[in-house]
Each structure stands twice: as structure tokens, then as C-alpha cells.
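Asker: Below is one structure. I have some questions about it.
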Amino acid sequence: MPFKSIIHDLKGELGRISRKGKSRSLRVVQDSLVCINAFKQSYWANMPYELLRDVLMRIEASEVTWPTRKTVVSCAGVCRNWREIMKEIVKTPEISGNLTFPISLKQPGPRDSLLQCYIKRSCNNQTYYLYLGLYQFSNEDGKFLLAARKCRRPTCTDYIISLNADDVSKGSNTYIGKLRSNFLGTKFEIYDSQPPNVGAKVTKSCSTRLMNAKQISPRVPTGSYPIAHISYELNVLGSRGPRRMQCIMDAIPTSSSELEGVAPMQTEFLHSNLDTFPSLPFFRSKSSRTKSSQFGPLSSLRDGMLVLKNKAPRWHEQLQCWCLNFNGRVTVASVKNFQLVAFAENVVVRQEQQENVILQFGKVGNDVFTMDYQYPISAFQAFAICLSSFDTKIACE
């Protein structure tokens, strides 16, 4: 059978399974399982490994953009063998420039270009939605990536970040991290739900989070690993002047911003179970914090971490406003707009490094903002940094 016919047949089979699985009704789920079992019993199950790998490689190479790239995800969901093959074939965002699997959101972006995304704000329920831009000049019909919900507390504000737009809570099994601010909204910390690298220290050592009651393990232990600190400086011009911000990326070394630098990368989500943590209590407990102050002075942190600072805007005499070159990606003036570049104190930074924008964020319409990022930060980290710009800053404005 010619390769084109084989690939067309495979896409058809996966499409039928995908359509069956869109509904959550018991009957449709049963039909989906029947389709999958029939699929496994077809000639695909007996196809030689080398031939199957070649077919899957061709599919991955042909479906490079969303929404057609969902076929690649469907292939990974057929069985364990297919999933292992697809994990080998699909390259990380750093190399491919694509966001394919959910773990891609925790991996550094492409090196040579900015990955274009946009954020939609819902003021009614204090929720923010991150989408991958599918078209260069359009912020509609994007691929959903992440959602965050604002939770006000007496002394701070939390932004809970989830992979599920319909279940944005810390008790969800799709919770991946959070952003926390101090009372004044001038200092923030980004927490990851799993260690960003080997040896990372957890700040919540004795906490559990409740999972959906329908899960096999209804309670799964989780940690909060600090991965970044964000600070905003006092603005003497108030709301009329540009903000000054600094991000210290705890888990990313300074060298990662160089030409051949390497940033740490997560390869899979950790699915914990209670058997792994026998000493933890089987109930929701209050978190135990470390002895160090949660929002201590940033200058006391270890050296060698990547520091990002906002690119200083220039005053435009004719327009009578502060301006930055967003290359057409930002169209509405706002104090929230910023561009972040690598900064190294007491180190001579090359001119191209100073001009290399790692993250840019800006307004393009009512409750719509663009977010473009690249190596060495991930979509999750970029999204959390941008959320800090939304928060009210009592001491700065």
C-alpha cells in the first residue's frame, strides 16, 4: 500500500476516534473504546516497527501547525508503544518552534524567534486565558494553552494556573503552578507544582491538595517550588510613566541567554501517588513555609541566576508618550506594556544580547494582550510574568 494511502487511512481512523471522544457521555465513551480496540486489532497493530515509525514521522512532519497538529497528539494517545515513538519523534519547542504536548508549556521556547501568543482577560470572573496564535495578524481562534484565576487574600493575591480552562483551582489535577504577590503588588513569586530541576527545594513540605473525587487517587501530594522572583520599582511619575520591573529566574542560569547556553527542561509531568509519600497525612493541611522570608530582598539571592529587566522606553516628542518597538505586535498604549531583555551586573553584555527581547507583552484591544516569548523561558513562566503586570500596584502608581 502506498505511503499516502497509509497516512490517509491512519488520519481517518484517528479522526473517527477523536470525534467519538469529544462528548463525555457514557455511551460515547464506550463507543470510543470500541473504536480504539478495533483500531488496535487492525493491520496497524501488526505493522513492523520500522514502517510504523516512518509513517508516524511523516505525519508529524506534515502536520506542523494547529489545528491539524491534533493528529500528532491523537497518535500519541493510541497506546504506550505509539506514545513512546511520538515522544522520540516530536522535538522540543526549542528545536521545532511548536507546542505539541502539554509538557511543552514547561519547556523553553524557540531560540531563533519569538513564539507568538495572546492573552484574553475576563473581568467578570477574574480569569485570564492564554492562547497560541494561529495566524500572524489575528488574535482569534487560537489554540488554548493555559488559564489563570485571580484569588484575593487578606495579605496577598494568588493567580492559580491550570491546563484546564473549565477547572482553574489548586485542587484540580490540571493545576501546574501559581503566581503570588505581596499586599502592595510590588513583589511576586512564581511557583511550579513540580521541581524545575534536580535538587530544587519545595516550600510546602507537608501539604496535600484534593483531587477530583472521581480520580483513582483522590488526594495527591504537591509541592510549591519557587522558580522566579519579580519586583516592580517605585514610579515617581505615577501612572504617566513607564514601569520598571526585574525578574530573577531562580532555576535558569545566566549563561542560558548566551548563544550556546543551556536552560533546564522538564520532560514529563510527575504523576504522584500516595504510596510514594507514606508519611503525609490523608487530609488537607496547612502549608509549612520555610524559615526564610517569602518576599525577602532580591539582592540576597544566589549569584548566577538569569536576570531579566524591562527595556527602557524612549520619549517620543511628536506623540508625547513613551515608546517601544514591538514590531507591530502591540497597538494600544498601556502602562502594562513591556519588553524584557537579559541583564548581567558587572558583566559586559554584547549589544545583540541587550537588544534580544526574551519576552514582550502589550495591549491590542479591550481585554486582549499579545505575549511573545523565546528561549530560555517557557510559556508557563512567560504567562506568570505577564500576569504580574495585570495586578494592581498600590505603591508604584
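The values are calculated or read from the model by the stated rules, or taken from the named source; none is laboratory data. Source: prediction; values computed, not measured. When we count neighbours, we look across all protein chains shown, and the Cβ atoms used for this are built from the backbone with ideal geometry, even at glycine. Surface areas here come from the heavy atoms of the whole protein model, side chains and all, with no ligands, DNA or RNA. Shrake-Rupley method; radii C 1.70, N 1.55, O 1.52, S 1.80 Å.
Asker: Give me the residue from the stretch 139-193 that is acidic (Asp, Glu) and modelled with pLDDT under 90 and, out of that set, most open to solvent (accessible area, probe 1.4 Å).
Answerer: Result: 141.
Asker: Something else about it: Determine whether the stretch 344-356 contains at least one residue that is surrounded by fewer than 24 Cβ atoms within 10 Å (Cβ to Cβ), modelled with pLDDT of 85 or more, not polar (S, T, N, Q) and not in a loop (DSSP other than H, G, I, E, B).
Answerer: Among the residues of the stretch 344-356, not one is surrounded by fewer than 24 Cβ atoms within 10 Å (Cβ to Cβ), modelled with pLDDT of 85 or more, not polar (S, T, N, Q) and not in a loop (DSSP other than H, G, I, E, B), which makes the answer no.
Asker: A further question on this structure: Could you grab me the full set of residues in the stretch 82-126 that are free of Cβ contacts under 8 Å to residues at least 60 places away in the same chain and of a type in the set (Ser, Thr, Tyr)?
Answerer: Residues satisfying the conditions are 96, 100.
Asker: Further question: Identify all residues within the stretch 105-138 that are among the small types (Gly, Ala, Ser) and buried (at least 19 other Cβ atoms within 10 Å of the Cβ); write none if there are none.
Answerer: Once the filter is applied, which keeps residues that are among the small types (Gly, Ala, Ser) and buried (at least 19 other Cβ atoms within 10 Å of the Cβ), the stretch 105-138 yields 109, 133.
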